[in-house]
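A quick write-up on the structure given underneath.
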Amino acid sequence: MHLDLLHLAIEVAATLAFFTAGLLAAARKRLDVVGSFSVACLSAFGGGTMRDLLLDRRPFFWVDNADWLWGLMLLTLLAMRYLDHRHVSTTQRAIQWPDALGLGLFAASGTQIALAAGMPPLIAVLMGTMTAACGGVLRDIACAEVPTAFNDHQPYALCAFVGGWLVVLAEHWGWPPGPSLAAGAALAFGLRAWTLWRDLRLPEWRAGRR
Amino acid sequence: MHLDLLHLAIEVAATLAFFTAGLLAAARKRLDVVGSFSVACLSAFGGGTMRDLLLDRRPFFWVDNADWLWGLMLLTLLAMRYLDHRHVSTTQRAIQWPDALGLGLFAASGTQIALAAGMPPLIAVLMGTMTAACGGVLRDIACAEVPTAFNDHQPYALCAFVGGWLVVLAEHWGWPPGPSLAAGAALAFGLRAWTLWRDLRLPEWRAGRR
Amino acid sequence: MHLDLLHLAIEVAATLAFFTAGLLAAARKRLDVVGSFSVACLSAFGGGTMRDLLLDRRPFFWVDNADWLWGLMLLTLLAMRYLDHRHVSTTQRAIQWPDALGLGLFAASGTQIALAAGMPPLIAVLMGTMTAACGGVLRDIACAEVPTAFNDHQPYALCAFVGGWLVVLAEHWGWPPGPSLAAGAALAFGLRAWTLWRDLRLPEWRAGRR
């Protein structure tokens, strides 16, 4: 019961963080209200929707929770009206932690959903990774930019990937769904927190070096 | 009967307008014949295809009307061969009105289709809006540009959104499908015509202002 | 039996060529390991996945062959570590021929799959063309560039289109699947080889000329 509430609280906080990351990208590109809401929705729901399209699952999360969208529309209007230049970098920092929680939670739950749909382990883990990271990719593509997740050399999706494998292992060991989810999410979150703290970087192309 | 003919005539005119908008974007980017046809098809059929993918509906409109595609291929070739610099802005103005008709018709019919598929009202209206506006978004993304619908500050998708709600209301009041469709389409078209006439603009980001 | 082996060998070589083309695009944009693997996977599997999404077919090729992905991850790491500036253009030239084989094979097999799913001939041929050419389109869109297939004025997708029609004709004449596939693939490959050899170009927009 308490765990269910915690799960819901993390899910809400993470979705808001992903949505806000989309709003910040929209502000940088000076999109209008239609573009800002669209890009922020891609950021928040794009990963799970892509996973569900590939798995042929319906209904989508945002169809089942349509009422949330009114709140997100309001949030878009408020951000456009009140968000100031000074607030942008504060907001960017403030969403870092709920974003990392979302990375963990969505990677673990995406992996569980794909396993339940009969996917082989590697595909399930990749679908979990996609759930966590693909929203940001679609957000950046819709802004005509190279996705940050593809070229910022931060081990973002990699943390999701490792967390997903713990879910696979836990299910293999016969753990019930709750603890598997918690373990995978905690591992991915912990790795992400560690890479942020140590500012770890992915290797570069040799062919790209000067 | 007469209304069916009118419906078909608007649908054909609007599809041609959306396709032509794609051709003009392709001419600006100097795409070749493959790119021009592809981008114009995205422009014309992308919105409805995206809606049907999300709703898991088959067959797509263009599968049922495959023979149209021969005519659109011919149109692409003719445009590439004969469209002159001087004609581009004339064409742009000429398609404005059939485009606005298409906005109305596709918003209303998209909303009806989504309601019939059991979507909640807000989702149905958003799917109608997507039907009308998403083709242009996909066209621009395929041209590696920020979608016009996201940053031109014209209330294009908003008109579709409002028209969609009239369809929802009309069905709630028990109107038959024909009048609901006509009312929603007329409202979205009228709003679009009004915003074009008055050159209305959406608000900007406060954080974007200097 | 021998033909099956030949088929498999061409499929493997072509998939590697498409994947490598994605890696080269990633090296040009200096993507990190996550971006490079993602873009290369889009390049290799995007066309078939798009076709299967539109046809509502499951499972995807890469779900059934998940173990391949480990090899492709390894290939990504090796390319990032060892591919030198000097090797890039050699690699580009080296993949030209397996890429042309893949164009033929995927165009023909994509057309057959769409015909078997009940698509009308023109749609089936377009889906075959999409199978062959759409991976490169998605790769370039994910790199925020105008797709090469849309603006390099090489008759790449056109060769696939013509090869696809031979598959349609062969099935119409009652040929068994094997020879139909081989004939369509050979025609598309032959046309591509011819256009490469003669450096043939598609016509330009009149409105684009100065």
Residue hits (segment C:166-210; part of a helix (DSSP H, G or I), crowded, with 19+ Cβ neighbours inside 10 Å and aromatic (Phe, Trp, Tyr)) are C:Phe189
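Yes/no matrix, rows are residues, columns are (1) modelled with pLDDT under 95; (2) farther than 17 Å from A:Leu202 by Cα; (3) more than 9 Å from every other protein chain (Cβ to nearest Cβ):
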residue	(1), (2), (3)
C:Leu8	yes, yes, yes
C:Phe61	yes, yes, yes
C:Asn65	yes, yes, yes
C:Leu77	no, no, no
C:Tyr82	yes, no, no
Quick one: in segment A:42-81, which of the residues that are acidic (Asp, Glu) and in a loop (DSSP other than H, G, I, E, B) is farthest from B:Phe150 (Cα to Cα)?
A:Asp56
Report whether or not C:Gly35 is closer than 19 Å to C:Gly135 by Cβ and facing chain A (nearest Cβ under 10 Å).
yes
Being within 30 Å of B:Pro120 (Cα to Cα) and of a type in the set (Val, Ile, Thr) is the filter here; which residues of segment A:54-105 pass it?
A:Val63, A:Thr76
Is there any pair linking a residue in segment C:64-91 that is among the acidic types (Asp, Glu) to one that is surrounded by 15 or more Cβ atoms within 10 Å (Cβ to Cβ), with Cβ under 7 Å and at least six apart or on different chains, and which?
C:Asp84/A:Arg206; C:Asp84/A:Ala207
In segment B:25-40, how many are crowded, with 24+ Cβ neighbours inside 10 Å and in a helix (DSSP H, G or I)?
8
When segment C:156-173 is checked residue by residue, the ones that are facing another protein chain (nearest Cβ under 8 Å) and touching a residue at least 40 places away in the same chain (Cβ under 8 Å) are C:Tyr156, C:Leu158
Quick check on this structure: which one of B:Gln112, B:Gln92 is part of a helix (DSSP H, G or I) and at pLDDT below 95?
B:Gln92
Matching option when the condition is open to solvent by 40 Å² or more (accessible area, probe 1.4 Å) and of a type outside the set (D, E, K, R), among C:Met50, C:Met73
C:Met50
Could you please give the count of residues in segment B:95-131 that are among the hydrophobic types (A, V, I, L, M, F, W, C), closer than 10 Å to B:Ala185 by Cβ and open to solvent by less than 30 Å² (accessible area, probe 1.4 Å)?
5
State yes or no: is C:Ala17 open to solvent by less than 20 Å² (accessible area, probe 1.4 Å) and out of contact with any Lys or Arg (no Cβ under 9 Å at 6 or more places or on another chain)?
yes
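Listed here are the residues, each with its yes/no results for (1) of a type outside the set (D, E, K, R); (2) farther than 30 Å from C:Ala142 by Cβ; (3) touching a residue at least 60 places away in the same chain (Cβ under 8 Å).
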| residue | (1), (2), (3) |
| --- | --- |
| B:Cys134 | yes, no, yes |
| B:Arg139 | no, no, yes |
| B:Pro147 | yes, no, no |
| B:Asn151 | yes, no, no |
| B:Trp197 | yes, yes, no |
Looking at C:Phe150, is it assigned to a helix (DSSP H, G or I), touching a Leu at 6+ places or on another chain (Cβ under 8 Å) and either facing chain B (nearest Cβ under 9 Å) or open to solvent by less than 30 Å² (accessible area, probe 1.4 Å) (or both)?
yes
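The values are calculated or read from the model by the stated rules, or taken from the named source; none is laboratory data. If you're wondering where the values come from, they're calculated on a predicted model, not measured in any experiment. Don't worry about glycine lacking a Cβ; one is built from the backbone with ideal geometry, like all the others, and counts go over all protein chains shown. The protein model used for the area step is the full one, side chains on, heavy atoms only, and it has no ligands, DNA or RNA in it. Shrake-Rupley method; radii C 1.70, N 1.55, O 1.52, S 1.80 Å.
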